[in-house]
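**Q** Here's a structure for you.
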Amino acid sequence: MSDLFVIRGLFIVLITLSAFFLRPFNLTNPWLAGGIGLLCGVSIVVFELRAKEISLKRLIGAAAGSVMGIFGAYLISLVLRQALPENTSTVPFLQLGILLLMTYVGLVVGANKGDMLNLAAFGGVFGSEKMPKHSFKILDTSVIIDGRIADIVETGFVDGSLVIPQFVLRELQLVADSGDSMKRNRGRRGLDILQRIQKMPELHIQIVEEDFPHLRDVDMKLIELAKLYDCKIVTNDFNLNKVAQLHGVDVLNINELANALKPVVLPGETMRVFILKEGKEYNQGVAYLDDGTMVVVDNAKRLISKTIDISVTSVLQTTAGKMIFGRHDDRVHAVYEKHGEKAQVREQANHATPPS
């Protein structure tokens, strides 16, 4: 590291001395020329320090964008030279302005899009270089409105960059401007979630402008965008999940993640639940766990609005989630009031054993 500081300092000194003795730009004052050389040397070193922190993909993208911008400016300058008279200073000014503009736009756009380059596809040096794969994940409208993605991001389990297509933002804006109050609230909630995610410094949010005008369905646009950038779609839409899998696109389903994180319950275990309502079958009660899992309890119809102990009889895993079936036995399990105080306990020992 010290050697680099010596080399940088020597480079600045040489640039300064060269400008001092050679006096570029027809400068008569050697000290002014030396000051300009010093400023140029420091600027080059600062640029080198900044460029060192930029990834190779961004550098390639910026270089390609700059070259394309310069080529486009050259073509435009040829048209201006033919369209405007040469005896004015307007043409050189426009040519220089367009050159700077096109170069700047090409550099910025190329650098922003450079992260999405797949260098391994070029083979050779790029293919053999072992670089960490940058993971991109596209958010769809449903998962943004759902809001749980923000909590997942805060835990640090999501790495890489979150990609938000412009057509998803437009759809979210339409929902937020809807005449239906429920849809309007959902849309505004989605916009609030996006603002919350953007404020997380450890996460990189990228908004892409790519659109597919020949496709009217937003789900198909998401699939085509995922194919274009070889990335995954984050959603909780069941239909989008299935269609994307048919197209060979990887999907991260928030609902599947939530189901995988639910506690494992085995038949025969005892659990305490609050009976919320009557079940569909005779003498059944229905309860819900904190994560939303439905619990169907036999022999609990008369215990609505009470907290009881039950024995798990079976667990059913469906595409919509997990269902737990249990049974309440008055002779074994306790019945509690809503506030948690024991109101009635019936134990098997309190009942008279029938004569044999």
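The values are calculated or read from the model by the stated rules, or taken from the named source; none is laboratory data. All figures in this text were calculated on a predicted structure; none of them were measured in a lab. Every residue, glycine as well, gets a Cβ built from its backbone with ideal geometry; the counts of neighbours run over all protein chains shown.
**Q** Is it the case, given these coordinates, that I205 is in the same structural domain as A150 (by TED's automatic domain parsing) and touching a residue at least 40 places away in the same chain (Cβ under 8 Å)?
**A** Yes; evaluated as a whole, the condition is true for this residue.
**Q** Residues that are assigned to a loop (DSSP other than H, G, I, E, B), in the same structural domain as K183 (by TED's automatic domain parsing) and either among the β-branched types (V, I, T) or modelled with pLDDT of 80 or more (or both): does region 79-93 have at least one?
**A** Here is the first cut: in region 79-93, the residues assigned to a loop (DSSP other than H, G, I, E, B) are 84-89.
Imposing the further condition that a residue be in the same structural domain as K183 (by TED's automatic domain parsing) reduces the set to none.
The answer is no, given that none of the residues of region 79-93 is assigned to a loop (DSSP other than H, G, I, E, B), in the same structural domain as K183 (by TED's automatic domain parsing) and either among the β-branched types (V, I, T) or modelled with pLDDT of 80 or more (or both).
**Q** Please go through region 218-230 and give me each residue that is in contact with a Leu (Cβ under 8 Å, 6 or more places away or on another chain) and surrounded by fewer than 21 Cβ atoms within 10 Å (Cβ to Cβ), ordered by number.
**A** Passing the criteria: D219, E224.
**Q** Going through region 16-50 one residue at a time, which ones are among the polar types (S, T, N, Q) and closer than 18 Å to L4 by Cα? Give the steps one after another, and end with the answer.
**A** Looking only at region 16-50, we keep the residues that are among the polar types (S, T, N, Q), and these are 16, 18, 26, 28-29, 43.
S43 - this is the single residue of region 16-50 that is among the polar types (S, T, N, Q) and closer than 18 Å to L4 by Cα.
**Q** In this structure, is H214 within 14 Å of the chain's Cα centre (by Cα) and at pLDDT below 90? Break it down into steps so the answer makes sense when it comes.
**A** Values: within 14 Å of the chain's Cα centre (by Cα): no; at pLDDT below 90: yes.
Against the criterion (within 14 Å of the chain's Cα centre (by Cα) and at pLDDT below 90), H214 does not qualify.
**Q** Moving to a separate point now. So, restricting to strands (runs of 3 or more DSSP E) that lie completely within region 237-299, which ones have at least 3 residues that are outside the structural domain of I149 (by TED's automatic domain parsing)?
**A** Working: elements: 251-253, 270-278, 284-288, 294-298.
Where strands (runs of 3 or more DSSP E) fall fully within region 237-299 and carry at least 3 residues being outside the structural domain of I149 (by TED's automatic domain parsing), they are 270-278, 284-288, 294-298.
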